[in-house]
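Data block below; observations after.
Derivation of every value follows stated rules applied to the coordinates shown; laboratory data play no part. This structure is a prediction, so every number in the text was calculated from the model and none was measured. Note that we place each Cβ from the backbone using ideal geometry, even for glycine, and neighbour counts take in every protein chain shown.
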Amino acid sequence: MNGPLLYLPLIPLLPFLGFLLNGLLGRRLPKALVSFIALVAPCASFILVAHIALLVWSGSLALPFYEQGAPSWISVGAVHVDFGSVIDQLSLVMLLIVTGVGFLIHLYSVGYMHDEPGYWRYFAYLNLFLFFMTVLVQAGNILLMFVGWEGVGLASYLLIGFWYHKTSAADAGKKAFIVNRIGDFGFLIGIFLILANFGTLTFSEVAAKLAANPAWTGGILTAIALCLLVGATGKSAQLPLYVWLPDAMEGPTPVSALIHAATMVTAGVYMIARTHFIFDRSPFALTVVAIVGAATAFFAATIGLVQNDIKRVLAYSTVSQLGYMFLGCGVAAYSAAIFHLMTHAFFKALLFLAAGSVIHAMGGEQDMRKMGGLRKHLPITFWTMTAAVFAIGGFFPFAGFFSKDAILYAAFVQSDTGKIFWFVGLVTALLTSLYMFRLWYMTFFGESRSPDAHPHESPWSMRAPLIILGALSVCGGWIGAGRFGAFLAPAVGSRAVEAGSSQLELGLSVLAVAVAALGWYIAHRLYIQHPERPARLAAALPTGYKLLLNKYYVDEIYSYLIVKPVLAFSKFFLEWVVDFAVLTGLAWLLGGIATLIGAILQRWQSGNLRSYAAWLALGAAAILLFFLLPYTLGASGIDLWVRGR
Amino acid sequence: MHLILFLVFAAFCLAGAVNLLLQSHPISSALSLVVVMTSLAVLYLLLGAEFLAAAQVIVYAGAIMVLFTFVVMLLNAGREERTLGSRAYAIVGFPAIVAILAVIATIILHTHGFGAVALRQGITSTQDLSRVLFTSLLLPFEVTSVLILIAILGAVALARRGDGERTAGN
Amino acid sequence: MNPAYSNLLQHDVPLSWYLLLSAALFSLGVVGFLIKRNLITVFMSIELMLNGVNLSFVAFAHQWHAVKGQIFVFFVMMVAAAEAAVGLAIIIAVFRARATLAVDRIDLMKL
Amino acid sequence: MTLLQFFLWSLLKIAVVTVVMLMGVAYTVLLERKLVGRIQNRWGPSRVGPFGLLQPLVDGAKSFLKEDIIPTAVYKPLYLLAPILSLGCALISIAVVPFGSTNVTGPGGFHIFQIADVNIGLLVILGITSIGVYGIALAGWSSNNKYSLLGSLRSSAQLISYELALGLSLVGVVLRAGSLNLREIVENQSAHGIFSWNLFGGFQFVAFFIYLMAAFAETNRSPFDLPEAESELTAGYHTEYSSMKFAMFFMSEYGNMITVGCVATLMFLGGWTSPFGNLIPLPNNIVLQALIPIFWFVLKVFSFLFLYVWVRGTLPRFRYDQLMNFGWRYLMPLAILNIVGTSFWLAYR
């Protein structure tokens, strides 16, 4: 091993150990011990990552760092895949987010899930998720990344369906799993194409081969990039595969915060950033990424405007923000996308946790129409939530402002088409601000709309993560897109941060903040000054309202176009032709033959000892005669044998 | 002399074996078998296998067959009963076996490589036997002793009427 | 044997006679196994077969001056003893369960 | 030496030994009756002849003259075979016992004082003893009497159990002698008189003790006479026997005692050798040379028989489970330990 010993394998293995302990023994362990195990694992991982970050900070560790001598996994012919990890600026940032935010959400869960009967199961799954997520992030090759990719899918499935006795939760889990399969299919094909064209799966080697051929663009690289994009849209809930994420809100709220807002869903963005060298060679694929991102951002934001379930609003907001990140990737501003990924992890996790706190306080109620006036009852939740709302809205100097601004600026300066993306992003920013303040007003202001509820503030284990994340939401962006981009540049390239003038940047920023303020104003007008107006607006535009409320009928369209035909095919072809005619018939045939032979043979198997003995003697006699009869007739063969002795 | 002894005891052997088949009472069969075994012991002696002769008497006649008579007495086994088809075995079995025996006998008699057995040569002393048994065949010997130990345990476990059956019934 | 007697004992016997006797004993054992109807007698027939084979072992050991032939017989005896112990225990157990020793009536594995 | 001579000499020896043996049996009975009488503070038989010395003859005549009863329900062939087998086995085993010095030989150089000199003499005795079980077992079974059957089952079990201990106790001696030939075993103990006997010089006293116990059990003698425990089983396996057939069982019991005594003498007490070794040299007279060893042999066997009777007059009977426990749990492990100990001693001497 060259370089310092970093205990890299321990980062994923510690949560895995926690998973094993809690998963195998948790049922019998006391609750305190389960929490202890579950908390220590991510905390230790975070400390390890922080240690690495410190080493990098002090300059004693040069990035990128490749783990040497990792055990080999697959070695077939020329293909070698090992368990090696890689630490560069990108994965370091991602690891910090994953383990840090992960630890905070574990801590939050201790309070939130306290009365669950499946407490140990929950934490086992959560640790398992952390294991796979860190594997995904640190993976030195794309196949190992795929393992983590599938693993987080599994953990996500288990956690969405955590309350498996609830049909909707179980269905949501299955939906997430199946929709993700479509994306994974694309990802897998992308992996095969990479293997076929590069002969290796290790990121650094692929990058080196591309660097050696500067003229190689388009063609097969576009195909690879598009396949990977399909995978990314599945995992990161982009058009057209976003449908699973809103349903995934059936899981416990901390799970929504961790997996379906802060970390797992950003894996698609991370993956595109990780394989940026392929995307960079394919302008077409990049454009597709940008289009997908921009469309998703706008599309999801419109749906988010009219949803009444607090978690669904946040879910569509997540989809929309992920669209921003894709947009950032699409204009090759990877560092801006990762920057937004980080700030988004802070404020979206915070939003979900605060929403969880609200739900906790309301005794499980998720409908915003039944909330209101919670500001006095839940001061800490309110103030942290406010920080998050301003952050996502893009107000200066909150975290969201810097990252969103970086993406919009990068889009604006990229090209002419980029200006269209920039405009869509700006409109989306307006919508974002609008629906977030709508949520804010409906939840915390006005009169309480359910008089029999007695809201109460959450325990410290839930408040502490809120406060920390609140602080991060405020200050997380102060690093500045420029410095962050410079830090990430060795890992993801630096195309986005150079061009343009500071005046243009300043102008765009002012414009963005103005748009966000406009959204705030509209929300204030609609939900505070004239609370009756939204209903009238909905009545005035019944088609549009219904369209938005029913999420553009996407689920229904999918159902008619894909689900129903598949079901019908399964029912009629598989059940009647294959299952009944072929399999059952075959089983009957085989069974009949066996029964028939058995009926004949069982007469032989009489149980009578002497008949067995007779058969045995007969067989022995037959063998004896077969060998001896020639000698008896010829009568001298054995002579030779005996003399030969 | 050797010839006479052989003829006498071979006749005893055959007579005992045939008597074993003809007697219908198990205890008579057992005694016939004892006759066969003791006569065989004499034949072993003629073949120079002194120790085996003694072992044949002590182990076979003195232990195994006593065990048989013991069990016959314990279970008070009576005469055999005739069942369906039992005569058929006798009718078919005897000629068949005689035919096979004839084949084997032809082979043996047609084979010329065998020598003759005389008493004065080829006596294997107990020392010779044990020297081979305890050196080159020590492992099989020990394994056999383990086998016997297992057999003892098995026999005890099988024959004890007892707790095992009752608990299994529960 | 005392050498003084040895000149008395002449008239050699061909080895093949011993082998014939051995084959005859074995065959009689097989017949006994087939025609006897008492479990214990059937078991005795097995012993008869073993004895028949033992005789041929000893005869061949004498022919080839091989001690190991006799040792094989020794092992056969030991195994026969073990077999008798276990077999008779089984017979006792069977008799307890069925109250019969007739082979033809013991043809079901279940009680 | 011709075949005819061999046969004649053998027949002569057999006849003499059988007659002496039977006489010995008869007078052992008398000895027992007299001794037990003295132990119980009474005279014992004293009317027939001087000191009652003719009593055995009268007893024999009585047995012959009694009515021979064969109960109707017995299985006759085996009922008749059993006493013959019993007595036969008791008498045959004496054939390999050398009871006098082998230095004195007859014409043609064969032994006068031993019917058959066999390499595996000890094994022959053990084998014949084990065949003797059949006599008792068949007697009990063929009598068709439950006392007889129980007695014979007990007896068979007892004989088989103690045969193990008996055989194992002799292995130590065999190891020391390196031979199974009884003559060689005795010659091995002849060097220094009493100090080279296996009992003392060979450190086989544990084996001797085991042999003693096992021998008592093997011969169904007190304190192990359970097969014929009158209080429980009437007369055990010979309940249904009377007159001469009963006498045959009786004789076989005493014959076995003598055989066992002979074996003890040969194996542990130096056989026919003098206890003083060469301190008292043999006289030159050929007749004395032949007779003095026989004297020592008879004396040793006699003292053994004396011990038998003494024990019978002293000790009460064991219970059956005690008997089995004693045989399997104490005597046999002890005998195996003795073998191991002797082997080590011989190996590292």
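Think of each Lys and Arg Cβ as +1 and each Asp and Glu Cβ as -1; about the Cα centre, that makes the dipole of chain C roughly 440 debye. Within the listed set D:Lys300, D:Lys62, D:Lys13, the residue fluctuating most in the Gaussian network model of chain D (springs between alpha-carbon atoms under 10 angstrom) is D:Lys62. Compared with the dominant Cα axis of chain A, that is its longest principal axis, helix A:220-235 is turned about 80°. Note the angle between two axes, namely the Cα long axis of helix D:3-39 and the longest principal axis of the Cα atoms of chain D, as a number of degrees from 0 to 90, rounded to the nearest 10. The angle comes out at about 60 degrees. Ranking D:Ala82, D:Gly52, D:Leu149 by Cα position along the charge dipole of region D:45-149, where only Lys, Arg, Asp and Glu carry charges on their C-beta atoms, puts D:Leu149 farthest toward the positive end. Sorted ascending by nearby beta carbons within 10 Å, beginning with the fewest, B:Thr111, D:Thr273, A:Thr432 become B:Thr111, D:Thr273, A:Thr432.
Panel order for A:Trp73, A:Trp576, by other beta carbons found within 10 Å of each beta carbon, from fewest to most: A:Trp576, A:Trp73.
To the nearest 20 Debye, how big is the dipole of chain A about its Cα centre, given +1 on the beta carbon of each Lys and Arg and -1 on that of each Asp and Glu? That gives chain A a dipole magnitude of about 780 debye.
Exposure proxy ranking for A:His340, A:His524, based on other Cβ atoms within 10 angstrom of each Cβ and starting from the fewest, stands as A:His524, A:His340. Taking other residues whose beta carbon is less than 15 angstrom from the beta carbon of B:Gln56, and scoring Lys, Arg as +1 and Asp, Glu as -1, yields -2. The local environment of A:Ala617, defined by Cβ-Cβ distances under 15 Å, has a net charge of +2 under the rule Lys, Arg +1 and Asp, Glu -1. Against the main long axis of the alpha-carbon atoms of chain C, helix C:15-35 sits at an angle near 10°. Of interest is the spacing of the C-alpha centroids, which for region C:43-68 and region A:188-217 amounts to 78 Å. Evaluated with a Cβ-only charge set (Lys, Arg +1; Asp, Glu -1), chain D carries a dipole of roughly 480 debye about its Cα centre, given to the nearest 20. A convex hull fitted to the Cα coordinates of region A:122-172 yields 51 cubic angstrom per residue.
Relative to its residue count, chain D spans a Cα convex hull of 153 Å³ per residue. Using C-alpha pairs below 8 Å separated by at least 6 residues, the relative contact order for region D:257-349 is 29 percent. Mean per-residue shielding of peptide C:45-55 is 5, counting Cβ atoms of other chains within 10 Å of each Cβ.
Global dimensions of region D:234-349 from alpha-carbon coordinates: Rg and Dmax equal 19.8, 57 Å. Taking the three principal axes of the alpha carbon atoms in chain A, the coordinate ranges are 120, 63, 49 Å, sorted in descending order.
Here the scattering of the protein assembly as shown is modelled by Debye summation over its C-alpha atoms, one equal scatterer each and no solvent; at q = 0.04, 0.08, 0.09 Å⁻¹ the log10 of I(q)/I(0) is -0.52, -0.86, -1.02.
A cut-off under 15 angstrom between Cβ atoms defines the neighbours of B:Val66, and their net charge, with Lys, Arg +1 and Asp, Glu -1, is -2. Restricting region D:1-65 to chymotrypsin sites (Phe, Trp or Tyr not before Pro) that sit in a DSSP loop and have at most 16 other Cβ atoms within 10 Å of their own Cβ leaves D:Trp43. Distance between the C-alpha centres of region D:103-156 and region D:261-280: 23 Å, rounded to the whole angstrom.
Normalised size of region C:3-105, defined as Cα radius of gyration per 2.2 N^0.38 Å with N residues, equals 1.40. Among the residues of B:35-47, the average count of other protein chain beta-carbon atoms within 10 Å of the residue beta-carbon is 5.
Note on region A:508-585: Cα-Cα pairs beyond 17 Å make up 72% of the total pair count. Per residue, chain D reaches -21500 deg cm²/dmol at 222 nm when only DSSP H runs of four or more residues are counted, each adding -39500 (n - 2.57).
The packing ranking of peptides A:53-64, A:190-201, A:121-132, highest mean first, is A:121-132, A:190-201, A:53-64, where packing means the average number of other beta carbon atoms within 10 angstrom of each residue. Whole-percent P(r), region D:72-180, all Cα pairs, 10 Å bins from 0: 14, 33, 28, 17, 8, 1. P(r) tail for region A:459-560: Cα pairs beyond 25 Å make up 60% of the total.
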